[in-house]
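Here's the structure, in structure tokens; my notes come after.
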There are 2 protein chains.
Amino acid sequence: MAETGLIQFDDWVDFYASRVESMRTSAVRDLFAAASRPDIISLSGGMPDIRVLPLDQLAELAAKAIVSEGVAGLQYGDTTGRIQIKEVVCNLMRDLDIHISTGDLIITAGAQQALDLLGKAFIDPGDVIITEGPTYLGALQAFSAYQPDIRTIEFDSDGMRIDLLEEELERLGPGVAKFLYTVPTFNNPGGVTMSLERRRRLIELSHQYELMIIEDDPYSRLRFDGEPVPSLRSMDERVIYLGTVSKIFAPGLRTGWIISPLPIRGKLNMIKQGADLSGSPICQVLVEHYFTEMDWRGTLDKARAKYIERRDAMLAALEEFFPPEAQWTHPQGGLFVWVTLPEYLDTAKLLSVALENGVTFVPGDGCYPADSDRGRSSMRIAFCYEEPEKIREAIRRLSLVIADRLDLYRAFINAGALKP
Amino acid sequence: MAETGLIQFDDWVDFYASRVESMRTSAVRDLFAAASRPDIISLSGGMPDIRVLPLDQLAELAAKAIVSEGVAGLQYGDTTGRIQIKEVVCNLMRDLDIHISTGDLIITAGAQQALDLLGKAFIDPGDVIITEGPTYLGALQAFSAYQPDIRTIEFDSDGMRIDLLEEELERLGPGVAKFLYTVPTFNNPGGVTMSLERRRRLIELSHQYELMIIEDDPYSRLRFDGEPVPSLRSMDERVIYLGTVSKIFAPGLRTGWIISPLPIRGKLNMIKQGADLSGSPICQVLVEHYFTEMDWRGTLDKARAKYIERRDAMLAALEEFFPPEAQWTHPQGGLFVWVTLPEYLDTAKLLSVALENGVTFVPGDGCYPADSDRGRSSMRIAFCYEEPEKIREAIRRLSLVIADRLDLYRAFINAGALKP
């Protein structure tokens, strides 16, 4: 049964559930192995730079936590999370003008588990849900397991096009879509932020059309410039809010949370029992101690300073190297830039050439539902993980790969065989 | 939005997926809060006794691990788990005569996540699956989210009644059931073990009827007496095997694993990406160090010695206090005894009286599918967590609750209003 390099026949090929057909693997996860090779410059993963973390202090804190918590940290825990971590999250949320009590929370294995639990709670096969398009590819993975009909709404530099959303809601009618999923602040994959005006209108529409809003907010503390915009949850208590420590502490603790109305929380608790019984109390203890005993704001400031340098390096390199036909976003925070190339270029095909040249990125089609043909000429590039000079080099290499293809297509265009 | 004690109206009551209706909360999880009250003696949870763990050594190990692993332990990890923990699991499996390589494994958030991933991979609504009846209530929770038609096969002191399974398979025909789920060794909730003869016959039937076997094996290292019986996976490589460190180290690390053929593993990897991106690398690091650097076998021996005392105390107290109408299993290992009372007693109703008298247990109906009316007169009682004298006291109190009811029913029987 060892991996031999030979193709292994699947005895159970007819046994899979129909949902498996509608799922696909994440290019990001598949690139994970490649990204860890030292000769590769990774613009693919949304891995935060946690090299700023003070490991010696964390080690001391972990040792202290294990002794002081005793066996409680190593036993099964409450399915919804420890009361202590819920108190820490309530404090974190207060900074964002979200005022909740511990009873409003379910602690999850990162926000990714929250997406899976919400998909399981609300989506029957064929149900309509609405997302930004492009959107977070992990959300598409989580939701697609429940076979929804995903309608996507495009964004511009002010976030989701609420005018297009309204048109879609008019077509659907009230109470038809199960929910709208949005990353309104420094969204993934575009890095753009929904304006306050559009947020207000979105909330009006959510009442008018009985539309549940799920706000995924991993990046709002990674603002580099511009004025903060209030979270949707701070504007309306009906909004379901997802948070995580992945981008403000460390993803390896797998700690996120859901704020939701009480009746929904009861259902999510029941679903989470079947999914994992409980999260890891010891991870939760580490998170509690980190946010109460350590200078987490100082450490986050250090990370943010690095991201600013890298974002600036990426935008400057795009200006310097990328062809005039390319367009890209100019994020004021977060981790990502979304680049759109001429439509005759297929970024999924470019990726293998880019890999040969030592660069990875996320092809844009992964950020749309599987049955869509959109995003093929776009790419998500992350500036969070590599040093500025490496980012510049990666963009330079990418530009060469693109230029090579462009030369070919320009020849076709000049010969009249393609429209410019 | 704070919990006020008032009933909160559910704005989204019509929005839930149909699967939510077929799910129910676990009495065990709901009893969790009660069990932590000091005046309650808990016979409900399958919580291993981890008070034997050397916390000071673990604290030292955690600190060392954080420094030596560096940021790798705190970053996103490989979806299927670190290569190092897979090596540790391969070594653990060799003890059980299961010979695999790291590529055969997916590391999961406890075996509970494994059950959820397998349900998602294989169950369409209405699909037939087969389990023991009664069976592990967490498996029922995980699978029921995918709306299967669950057929249960009863067990006796030699484990699942394979003759009854054969009858069920004859009725269904080959390739109809998606899988058979079994806890063959010290099963949950009965503590009984499938005999070698029945295992051989089960594997024959699995080939004859194209039946996938999922073997859940959390307890096989908790043998107190009798001869070990080989695992199903050691007898046939087609068997999907689930393991966990919860009962041989600590549940709080949330670390389990799936051994499966390569093509299934690919699907499970894809499904796990959507469910949680990755497990916690730092939890995996702790597990790696525990099983390579510490005297885990010595610690497990200490725990096993405690369980033996407690099982003996429980069986002796049942003999001493329980009425002649009651029957129970006599486990050679594991954590549980399954008690069956006269069928006119409803253990779910007894539970509230038992709670008033300071004892919790798991009512038997939770160990059957939700649409079944079986198990109502049975209960699962766990001997793993309390000291012998407390177990004796709990059984004594339970016997009084039961005797009170029995007196009532005996009066009815004597009056000819009920059959004995």
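The values are calculated or read from the model by the stated rules, or taken from the named source; none is laboratory data. Just so you know, these numbers come straight off a predicted model, no measurement behind them. Cβ: placed from backbone, ideal geometry, glycine included. Neighbour counts: every protein chain shown. Ligands, DNA and RNA are excluded from the accessible area calculation, which covers all protein heavy atoms including side chains. Shrake-Rupley method; radii C 1.70, N 1.55, O 1.52, S 1.80 Å.
Quick notes
- Total residues in segment B:273-291, condition more than 7 Å from chain A (Cβ to nearest Cβ), within 15 Å of A:Cys283 (Cα to Cα) and part of a helix (DSSP H, G or I): 4
- Checking each residue in segment A:386-420 for being at pLDDT below 90 and in a loop (DSSP other than H, G, I, E, B) picks out A:Ala415, A:Gly416, A:Ala417, A:Leu418, A:Lys419, A:Pro420.
- Matching residues in segment A:140-156 - criterion: being part of a loop (DSSP other than H, G, I, E, B), within 14 Å of chain B (Cβ to nearest Cβ) and open to solvent by 10 Å² or more (accessible area, probe 1.4 Å): A:Gln147, A:Pro148
- A Cβ distance below 8 Å, combined with a sequence gap of six or more or placement on separate chains, defines the contacts here; from segment B:101-121, residues that are without any contact (Cβ under 8 Å) to a residue 60 or more places away in the chain and more than 8 Å from chain A (Cβ to nearest Cβ) reach residues that are surrounded by fewer than 24 Cβ atoms within 10 Å (Cβ to Cβ) and basic (Lys, Arg) in the pairs B:Thr102/B:Lys86.
- Of all residues in segment A:262-276, one or more are basic (Lys, Arg) and under 30 Å from A:Gly70 (Cα atoms).
- Enumeration of residues in segment B:383-408 that are touching a Pro at 6+ places or on another chain (Cβ under 9 Å) and either open to solvent by less than 30 Å² (accessible area, probe 1.4 Å) or of a type outside the set (Phe, Trp, Tyr) (or both): B:Phe383, B:Cys384, B:Ser399, B:Ile402, B:Ala403, B:Leu406
- Test result for A:Arg94, touching a strand residue (DSSP E or B) at 6+ places or on another chain (Cβ under 9 Å), more than 7 Å from chain B (Cβ to nearest Cβ) and open to solvent by 20 Å² or more (accessible area, probe 1.4 Å): no
- Residue selected from segment B:51-67 under the condition more than 9 Å from chain A (Cβ to nearest Cβ) and not hydrophobic (A, V, I, L, M, F, W, C), by the criterion least open to solvent (accessible area, probe 1.4 Å): B:Pro54
- Restricting segment A:209-233 to residues that are of a type outside the set (Val, Ile, Thr), within 14 Å of another protein chain (Cβ to nearest Cβ) and touching a helix residue (DSSP H, G or I) at 6+ places or on another chain (Cβ under 9 Å), the residue that is farthest from A:Arg265 (Cα to Cα) is A:Tyr209.
- Look at segment A:215-233: where a residue is of a type in the set (Phe, Trp, Tyr) and a partner is assigned to a loop (DSSP other than H, G, I, E, B) and open to solvent by 40 Å² or more (accessible area, probe 1.4 Å), sitting 6+ places away or on another chain with Cβ atoms under 7 Å, you get A:Phe224/A:Gln332.
- If you check B:Ala415, B:Ala317, B:Ala348 for being of a type in the set (Gly, Ala, Ser), farther than 17 Å from B:Gly45 by Cα and surrounded by fewer than 20 Cβ atoms within 10 Å (Cβ to Cβ), only one passes: B:Ala415.
- Out of B:Ala313, B:Ala275, one residue alone is of a type outside the set (Lys, Arg) and in contact with a Pro (Cβ under 6 Å, 6 or more places away or on another chain). It is B:Ala313.
- The condition of being open to solvent by 40 Å² or more (accessible area, probe 1.4 Å), more than 21 Å from the chain's Cα centre (by Cα) and not aliphatic (A, V, I, L, M) holds for only one of B:Arg161, B:Arg201, that being B:Arg201.
- For segment B:234-263, the set of residues classified as surrounded by fewer than 24 Cβ atoms within 10 Å (Cβ to Cβ) and in a helix (DSSP H, G or I) consists of B:Ser234, B:Met235, B:Leu262, B:Pro263, listed by residue number.
- All positions within segment B:97-108 that are open to solvent by less than 30 Å² (accessible area, probe 1.4 Å) and not in a helix (DSSP H, G or I): B:Ile98, B:Ile100, B:Leu105, B:Ile106, B:Ile107, B:Thr108
- Inside segment A:122-134, residues that are within 7 Å of chain B (Cβ to nearest Cβ) and in contact with a Cys (Cβ under 7 Å, 6 or more places away or on another chain) make up a count of 0.
- Among all residues of segment A:13-30, there is at least one that is in contact with a Ser or Thr (Cβ under 9 Å, 6 or more places away or on another chain), at pLDDT 80 or above and not hydrophobic (A, V, I, L, M, F, W, C).
- A:Leu137 within 12 Å of chain B (Cβ to nearest Cβ), open to solvent by less than 20 Å² (accessible area, probe 1.4 Å), of a type outside the set (Phe, Trp, Tyr) and touching a Cys at 6+ places or on another chain (Cβ under 7 Å): yes
- Output for segment A:287-314, where each listed residue is among the small types (Gly, Ala, Ser) and open to solvent by 50 Å² or more (accessible area, probe 1.4 Å): A:Ala305
- Among (1) free of Cβ contacts under 8 Å to residues at least 60 places away in the same chain; (2) surrounded by fewer than 24 Cβ atoms within 10 Å (Cβ to Cβ); (3) within 14 Å of chain A (Cβ to nearest Cβ) - the single one B:Lys267 does not satisfy: (1)
- Options B:Gly358, B:Gly274: the member that is at positive phi and open to solvent by less than 20 Å² (accessible area, probe 1.4 Å): B:Gly358
- Residue within segment B:179-195 that is surrounded by fewer than 23 Cβ atoms within 10 Å (Cβ to Cβ) and either in a loop (DSSP other than H, G, I, E, B) or of a type outside the set (Val, Ile, Thr) (or both) present: yes
- Test: residue in segment A:320-331 that is away from chain B (no Cβ under 14 Å), in a helix (DSSP H, G or I) and either touching an Asp or Glu at 6+ places or on another chain (Cβ under 8 Å) or farther than 30 Å from A:Gln75 by Cβ (or both): yes
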